[in-house]
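Have a look at the structure below, then the notes.
Bear in mind these aren't lab numbers, they're just calculated from the coordinates by the rules spelled out. Please read these numbers as outputs of a predicted model, since none were measured by experiment. Here the Cβ is made from the backbone with ideal geometry for all residues, glycine too, and neighbour counts use every protein chain on show.
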Amino acid sequence: MANRLENNSLQLGTMPVFLTSIATILGAILFLRFGYAVANISLLGTFALVIIANMVTVPTALAVSEIATNQKVEGGGLYHIISRSFGLNIGAAIGIALYLSQAISVSFYVVAFTEAFMPIINEWAEMLGYRILYNQAISIPTVLLIIGLMLYKGADMGIKLLYLVIALLTASLALFFFGSTGYEADFSTLTDHIADPDDFFQVFAICFPAFTGIAAGIGLSGDLKDPKVAIPRGTIVATLTGGVIYMLVAYKLFLSVSPDELGTNMMVMEKIALWGPIIPIGLAASTISSAIGSVIIAPRTLQAIGNDRIFPSDALNKWLSKGTAKGNEPINGSLITGAISLLFVAIGSVDFVAEIITMFFMVTYGAICLISFLEHFAADPAYRPTFRSRWYISLLGAVLSVWLMFKINTVYAIASLSIMLLIYFSVTYFSSQQKQMAKVFQGVIFQLSRRLQVFLQKADTGEETEHWRPSVVCVTSHSFERFAAFDMLKWISYKYGFGTFIHLIEGYLSKKTNAQAKVALTRLIKMAESSHSNVYLDTLISPSATSAIAQVIQLPGISGKDNNMLMFEFARSHPEDLEQIVENYSLIRSVNFDTVILGSTEKGFGYHNQMHIWITPTDYENANLMILLGYIILGHPEWEECEISINAIVRKDQMNEQKNYLLDLTTSGRLPISSKNINIIIQEENRSIREIICERSAQADLTLIGFRSESVKRKGAEVFFGYEGLGNILFVNAVSEKEINML
């Protein structure tokens, strides 16, 4: 990267990761909303909430630890992990959502911080006779003060404050657990709650930000001396410790206060503690610490996004990635974070902001777990983490994250995903160099393809099935001079078939020819991309056409089943290639493949409006294959306006019989061919079949004509001559009759 994102002046260890995470976990929700949770969903419901939340955060912590021990985690924390695993375009969509959740978290913690001053504000209200707008009076100056301190002092100050915060938190919790009230809980009321309670998932959405502390610790990745050690240890221990503490706090609240009071008194912990004022002090310390932590992390995420040049404006990317000369502090990212924080501070609702944060964090955690699961499935030998989670744990975290999003608030979930899709498509559109598929997806596709092919091979009985479909392999040395063969294969493999296009380089394998093959393959891939084809592309170096054909007919099919059709192409104005095809025809027939030979002309395929299929008395065994190929080609959008005509040349006494046969064939086979397009032509003694075809198909864009192997053996290339005036012709030979009525 042009600008490194590490702050080499700090070189932090495991303890700051743990402290940052645990200070964020044991924050606003613990002091302000956990009594609300016990009141609305009961003690057992609150235990379930903690367990479900940890079923998301623990797999995420394990997944993060795994990924962090496999790759260098630079500045940007979770964004760096996601973008380097999924690719920059997907990473940008999730990373921007992650940044917004981190920036909004500042507002959440600052608004919660103001709640610590409620006792003082209430006293002032009684003395003065009116209540001040404490959100504006306290929250806005607090945000400005925090941003100013970060710009002036940087992350170093925030880390030093953590030790004081943890000390105050420890004192607050100790005095809370040792405190008591006169209330005695009845253990038969473990499921009791207040009248008209809030829904479980609404409570979950409000409380879940309490469990997002792992993101805070990971956000220090650019400041860590050894992220591969510090991140796993710090995040896992903090996550497990936080879960246990929340369970104990819920139990203590249940023992000490009635559900009704828990539901109405947000600062009920103050009543329980040995020394009540320690609770507002602990709340103030934890929330201001969490706010500082978010101010440290969010600008670094934005700085990493800018450094990756995600946004379409180079000037904007450069401005966002800018850091101070000393410590590379993200000065401009801090300014934007401050502006977003002030906006949400003005809203002033802890619950509303909590729901927004929950949605974005759910997406981020689900993505992290999905990366871990896909890495396990992809089985990339380069993926060698020293710490390993389990694939089923990561899958649980990913699925649960998405499920919870929609259970909490379907509208918010759809809105969050829509925002990320919009970001993804915008980044992909404006930054073409970021359209590459991430290696994790490639690995998954490789593994899935391998397993499917092995399955299909084992399931293959070796017998021709009734539901036939073409698996075509085409070999030509004129890939870049004549495009007719590639186009034909593109149409056949678009919807119903499979196609492999082989560019032949005549010669012996050497460094020179190998380099030529790589260049040719690159050209073929670009050609395929521009035409939106589903053709598999490859090159072959071989000293002769005979050896090339021998190699090609032994290739495995890309579908997992064997190839069943060979395609060749020749220019009818220069039939030299046809001679090679004919000379090797006995070799071609040795594998019992259907064969199609495309005779191309300068007329090309015209307007793709008319396709003529010819059935003659000598090649009825080819009829079904030609009709099937016509139908398959018709499935491509370029041929959707095409009209197929079936022309059968018969003896006079067979006229009605053959017409009824063809009508029944097309009707039972559900082919888009009307009776008016089935033409029965009586064979005339004084006219050859070729004359009739040339006369009737002169305007056709594609003509399909059958041929017999015996004729090629006797007459050679002459079989394919004599069709002057026609456009492109596809000569078809079926090794066996195909079933149409089972299509």
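Here are the numbers:
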| quantity | calculated |
| --- | --- |
| Simple Cβ-charge dipole of region 582-703, Lys/Arg +1 and Asp/Glu -1, about Cα centre, in debye nearest 20 | 220 |
| Residues of region 468-503 with amide N under 20 Å of the 7 Å Cα→Cβ point at residue 590 | 473-476 |
| Neighbour-count ranking [beta-carbon atoms within 10 angstrom, fewest first] of 192, 308 | 192, 308 |
| Neighbour-count ranking [beta-carbon atoms within 10 angstrom, fewest first] of 420, 611 | 420, 611 |
| Whole-number D in µm² s⁻¹ for region 233-384, Kirkwood Cα-pair radius fed into Stokes-Einstein, 4 °C, 1.567 mPa s | 66 |
| Two-decimal Rg to Rh for region 555-683 - Kirkwood Rh, Cα set | 0.99 |
| Theoretical gain in end-to-end length, residue 579 to residue 15 [0.36 nm per residue, Cα-Cα removed] | 195.3 nm |
| Burial order of peptide ranges 97-107, 635-645 (average beta-carbon count within 10 Å, highest first) | 97-107, 635-645 |
| Rounded FRET efficiency, nearest 0.05, which uses the C-beta distance separating residue 511 from residue 196 and R0 of 45 Å | 0.05 |
| Summed residue charge, Cβ within 15 Å of residue 256's Cβ, Lys/Arg positive, Asp/Glu negative | -4 |
| Kirkwood Rh in Å, taken over all unlike Cα pairs in region 466-573 | 14.2 |
| Full-stretch length increase - residue 240, residue 553 - with 0.36 nm per residue and alpha-carbon distance subtracted | 106.7 nm |
| Ascending count of other beta-carbon atoms within 10 Å, so fewest first, for 608, 80 | 608, 80 |
| Inter-label distance, nm, simple model (7 Å from Cα along the C-beta direction), residue 339/residue 679 | 7.0 |
| Residues listed by number, region 184-215, amide nitrogen under 20 Å from residue 44 label point at 7 Å toward C-beta | 185-204 |
| For peptides 14-23, 724-733, 242-251, sequence by mean Cβ density within 10 Å, most packed first | 14-23, 724-733, 242-251 |
| Pairwise FRET efficiency - residue 621 versus residue 664, Cβ, R0 = 25 Å, nearest 0.05 | 0.90 |
| Spin-label model distance (nm) - residue 315 vs residue 415, 7 Å beyond Cα toward Cβ | 3.2 |
| Label-point separation in nm, residue 174 to residue 710, each point 7 Å along Cα→Cβ | 10.3 |
| Region 264-403, dipole about Cα centre (Lys/Arg Cβ +1, Asp/Glu Cβ -1), debye to the nearest 20 | 340 |
